[in-house]
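Enquirer: Okay, here's the structure, questions in a sec.
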């Protein structure tokens with residue numbers, strides 16, 4: 001029986017049913033694995049193609065809304081996830097990673113021009129194939145806009161314009177799966193151990209962000225006698241923190257105004273190098289372990305869940321002076337940093353507080369320390385962020401000699417989410433998203449996007465392949481997808497030794513391919529692909545849009 005007879009895609013209930021059916025079938029298809037390799041989230045695209053080919057239809061505006069809204073949700077949540085580590089990642093390896101992405105773009109355009117010339121593919125179809133092969137919807141929109149501009153002076157171009165959309169539909173499915181195949185091919189050829197690459201990346205990050213440790217130091221330097229603890233060299237200049245002090249057989253909380261004496265033993269927290277430098281200043285390492293001594297002083301990890309302390313520095317909050325509680329370290333995004341006075345607290349930070357239980361309870365009341373609050377998403381900031389992203393994506397960017405360019409519904413929300421996740425708080429608004437909420441919205445977004453794309457292209461996909469130049473276009477799209485990825489990916493691995501997980505993110509970002517990113521993230525069990533993806537995505541998006549318009553303007557002269 002024809003499935004189109006079973007559902008009425010023109011009704012609201014019918015549209016929801018079709019999208020849900022495509023999602024369920026696609027996710028089931030994607031979960032099937034052959035020798036450990038499966039389609040993953042890309043299975044939704046193929047389920048949509050199958051349903052579309054079988055005659056299931058949705059209203060055009062419904063498909064458009066589902067596709068674009070799903071895309072916005074996906075890229076916004078990706079930006080919220082990777083934003084806190086984005087600038088650090090960009091500083092560490094931003095230029096090399098963006099050069100790899102630019103190489104993929106340039107080689108892809110060169111491949112498209114060579115194939116177009118050799119196979120005699122007309123310009124409107126060629127730019128559509130390029131957009132589909134690189135899974136870049138904004139470049140398709142940019143190309144169509146440029147064709148409209150050209151058609152004003154060359155009316156015959158209007159008759160060829162539909163080829164752009166068809167070329168995109170033919171090339172897009174392999175663009176999605178081809179990127180994943182390229183990642184698998186690089187992994188196979190170079191015999192990459194994903195677990196080994198993840199550990200290497202973590203060890204490299206640990207080297208860049210040294211781990212905190214502690215030391216018990218005895219004051220033997222007579223120059224420190226009578227000096228306030230806060231005036232001791234290094235303590236005011238680094239993230240070193242002294243949490244406890246042992247004197248005359250008693251343990252006490254170290255305060256900034258504590259006057260030092262010979263024989264005092266300090267429990268200091270910092271990096272190994274910082275502690276070694278402090279030992280030279282203070283005196284020598286003590287055989288005592290202050291943490292093991294019986295005392296009413298204890299430590300407790302507290303979570304920042306109130307808005308008021310978020311955005312304020314530890315120096316401003318002055319917990320040692322107000323409550324006699326010392327903050328020794330702050331956990332953020334799975335990284336622990338020293339509790340320097342200049343460090344600003346963020347919503348969701350975990351701080352380690354040392355002091356008497358009653359005093360720690362006062363600090364807990366000020367910080368909130370209600371972990372359950374982290375499970376509830378802040379919806380007003382989320383929707384405001386999405387709205388700002390749409391506005392930014394729609395804002396025209398004027399470049400000399402070109403029609404106005406736009407970041408679109410992919411680039412705008414991504415950049416806004418990255419910026420807001422770094423800002424964290426603006427007045428009463430807190431841009432924090434629980435990881436469970438982030439993951440749910442991200443998966444729903446990409447599923448809606450792929451289901452809509454598949455349903456839209458399904459009715460023409462088989463017909464275009466079996467009649468006319470469809471197979472030629474498909475082969476051209478496959479080459480445009482695979483050649484740049486495999487060549488540049490192999491060179492990056494051979495010449496630079498780029499970590500495989502980072503390389504996956506760069507290649508997925510250079511193709512603006514969310515399903516490939518989802519595949520890589522699931523494979524890696526790490527944020528490394530997403531960080532690399534976000535590092536190259538903004539420049540990639542701009543270059544893809546510019547390249548599509550330039551190709552139209554150059555080839556249609």
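The values are calculated or read from the model by the stated rules, or taken from the named source; none is laboratory data. Treat the numbers as computed from the prediction; the structure is a model and nothing was measured. Neighbour counts are summed over all protein chains in view; Cβ atoms, including those assigned to glycine, are modelled from backbone coordinates with ideal geometry.
Enquirer: Give me the pairs, please: first residue somewhere in segment 469-495 and at positive phi and modelled with pLDDT under 95, second residue anywhere and assigned to a helix (DSSP H, G or I) and buried (at least 20 other Cβ atoms within 10 Å of the Cβ), beta-carbon distance under 7 Å, and either six or more positions apart or on two chains.
Expert: none
Enquirer: Separate question: Go through segment 296-314 and give me each residue that's closer than 24 Å to residue 431 by Cα and in contact (Cβ under 8 Å) with a residue 40 or more places away in the chain.
Expert: Within segment 296-314, 301, 302, 303, 304, 305, 306, 307, 308, 309, 310, 311 meet the criteria.
Enquirer: Here are some residues: 266, 278, 293, 317. Which one is out of contact with any strand residue (DSSP E or B) (no Cβ under 7 Å at 6 or more places or on another chain), in contact (Cβ under 8 Å) with a residue 24 or more places away in the chain and surrounded by 15 or more Cβ atoms within 10 Å (Cβ to Cβ)?
Expert: Just a single option satisfies the conditions, and that option is 317.
Enquirer: Within segment 228-263, which residues are over 47 Å from the mean Cα position of the chain (by Cα) and either surrounded by 15 or more Cβ atoms within 10 Å (Cβ to Cβ) or within 16 Å of residue 285 (Cα to Cα) (or both)?
Expert: 247, 260, 261, 262, 263
Enquirer: Quick check: anything in segment 434-441 at negative phi, out of contact with any strand residue (DSSP E or B) (no Cβ under 8 Å at 6 or more places or on another chain), surrounded by 22 or more Cβ atoms within 10 Å (Cβ to Cβ) and in the same structural domain as residue 385 (by TED's automatic domain parsing)?
Expert: No, every residue in segment 434-441 fails to be at negative phi, out of contact with any strand residue (DSSP E or B) (no Cβ under 8 Å at 6 or more places or on another chain), surrounded by 22 or more Cβ atoms within 10 Å (Cβ to Cβ) and in the same structural domain as residue 385 (by TED's automatic domain parsing).
Enquirer: Here is a further query. Quick check on this structure: which one of 458, 445, 454 is under 21 Å from the mean Cα position of the chain (by Cα), outside the structural domain of residue 331 (by TED's automatic domain parsing), part of a helix (DSSP H, G or I) and buried (at least 19 other Cβ atoms within 10 Å of the Cβ)?
Expert: 445
Enquirer: Just checking: which of the helices (runs of 4 or more DSSP H) contained wholly in segment 333-433 hold 1 or more residues that are at pLDDT below 85 and either in contact with a helix residue (DSSP H, G or I) (Cβ under 7 Å, 6 or more places away or on another chain) or outside the structural domain of residue 65 (by TED's automatic domain parsing) (or both)?
Expert: Qualifying helices (runs of 4 or more DSSP H): 379-394, 408-423.
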